[in-house]
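A quick write-up on the structure given underneath.
The values are calculated or read from the model by the stated rules, or taken from the named source; none is laboratory data. Not measured: the values here are computed from a predicted model. Every residue, glycine as well, gets a Cβ built from its backbone with ideal geometry; the counts of neighbours run over all protein chains shown. What goes into the accessible areas is simple: the full protein's heavy atoms, side chains included, and nothing from ligands, DNA or RNA. Shrake-Rupley method; radii C 1.70, N 1.55, O 1.52, S 1.80 Å.
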Amino acid sequence: MRNNSNLVKRGLFYGRFQPFHNGHYSVIEQMDRDGLDEIIIGVSSSQETGTIRNPFTAEERREMITQSLDITKKVHLVNLYDQYECNKWVAHIEEVCPNFDYLYICNNHLRELFQTNGYLVREFERVDGISATNVRQAIASSGNWEQYVHPKVKEVILAVNGVERIRRMK
C-alpha cells in the first residue's frame, strides 16, 4: 500500500476520457466536495490514438480536462499506459502517480484489485446515459453530442477537428 503519509489528502481518478464528458466531470466534482486537498487525474491508454475507440491523443484529452475544470484545488494530470497484467497495472500507477489516499473507481474487478493491494476505494455512480462510447457514436451519426460534454470540451474537440476525425473512422 502506498497511501499518502503527509497531511495533504489526495484522490486518484483515471479513465481513457475519449472524450472527457459530463459523467467524468461529475466525479471530479465529487472529489472536490469530498474534502481532498489535491486531485490526481490519470489519462489511461495514453499511447492509444487514431482509432474509433481512441480517437483523441493523450495531449488532446489533457487539454479537454484542463480547459473544463473549474476547481481551485491543485490538480495533477498524469499519463497512464496500458499494462496488460493486473499486477503491472497497480505497479505502473504507483510508479507514475503522486502518493494518494483514495482511488475513485466503479469497475468491480479493478476495485477489488486495488483493495487487495491496500488502497482505500471511494465509489461513484455513473451518470445515466453518458458514456464516451455514446458521445463518440453521437458525433459519428451527427447526433446531439454537445449535451454530454462541457462547452470547453466541445471547443477542444472542434479545434482539433475531432468531429471530422470520428466521422471518417466510422
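With respect to Ala91, is the statement that it is surrounded by 16 or more Cβ atoms within 10 Å (Cβ to Cβ) and not acidic (Asp, Glu) true? Let's see the steps before the verdict.
Numbers: surrounded by 16 or more Cβ atoms within 10 Å (Cβ to Cβ): no; not acidic (Asp, Glu): yes.
No; evaluated as a whole, the condition is false for this residue.
Can you pull out the residues in the stretch 39-60 that are charged (D, E, K, R) and under 18 Å from Met169 (Cα atoms)? Even if it seems obvious, please write down each step before you answer.
Restricting attention to the stretch 39-60, the residues satisfying the condition of being charged (D, E, K, R) are 48, 53, 59-60.
Glu48, Arg53, Glu60, listed by residue number.
Given the structure, is Thr49 assigned to a helix (DSSP H, G or I), β-branched (Val, Ile, Thr) and open to solvent by 40 Å² or more (accessible area, probe 1.4 Å)?
Values: assigned to a helix (DSSP H, G or I): no; β-branched (Val, Ile, Thr): yes; open to solvent by 40 Å² or more (accessible area, probe 1.4 Å): yes.
No: the conditions fail for Thr49.
Among the residues of the stretch 72-84, the one identified as open to solvent by less than 40 Å² (accessible area, probe 1.4 Å) and of a type in the set (Val, Ile, Thr) is Val78.
Among residues belonging to the stretch 31-44 that are in contact with a Gly (Cβ under 9 Å, 6 or more places away or on another chain) and not in a strand (DSSP E or B), point out the one that is surrounded by the most Cβ atoms within 10 Å (Cβ to Cβ). Working first, answer last.
Of the residues in the stretch 31-44, the ones in contact with a Gly (Cβ under 9 Å, 6 or more places away or on another chain) are 31, 34, 36, 38-44.
Subset that is not in a strand (DSSP E or B): 31, 34, 36, 44.
Values: Met31: 25, Asp34: 14, Leu36: 23, Ser44: 22.
Here the answer is Met31.
More than 21 Å from Phe20 (Cα to Cα), of a type in the set (D, E, K, R) and surrounded by fewer than 17 Cβ atoms within 10 Å (Cβ to Cβ): which single residue out of Glu112, Glu164 fits that description?
Details: Glu164 fails: more than 21 Å from Phe20 (Cα to Cα).
The match here is Glu112.
Restricting attention to the stretch 52-82, the residues being part of a helix (DSSP H, G or I) and touching a Cys at 6+ places or on another chain (Cβ under 8 Å) number 0. Name the pairs: first residue in the stretch 128-143 and farther than 16 Å from Pro55 by Cβ, second residue hydroxyl-bearing (Ser, Thr, Tyr), Cβ to Cβ under 9 Å, at least 6 apart or on different chains? So the pair list comes out as Gly129/Tyr148; Ile130/Ser26; Ile130/Tyr148.
The residues of the stretch 12-30 that are surrounded by fewer than 17 Cβ atoms within 10 Å (Cβ to Cβ) and either under 8 Å from the mean Cα position of the chain (by Cα) or among the small types (Gly, Ala, Ser) (or both) amount to a single one, Ser26. Scan the stretch 129-145 and tell me whether some residue there is open to solvent by 30 Å² or more (accessible area, probe 1.4 Å) and of a type in the set (D, E, K, R). Within the stretch 129-145, none of the residues are open to solvent by 30 Å² or more (accessible area, probe 1.4 Å) and of a type in the set (D, E, K, R).
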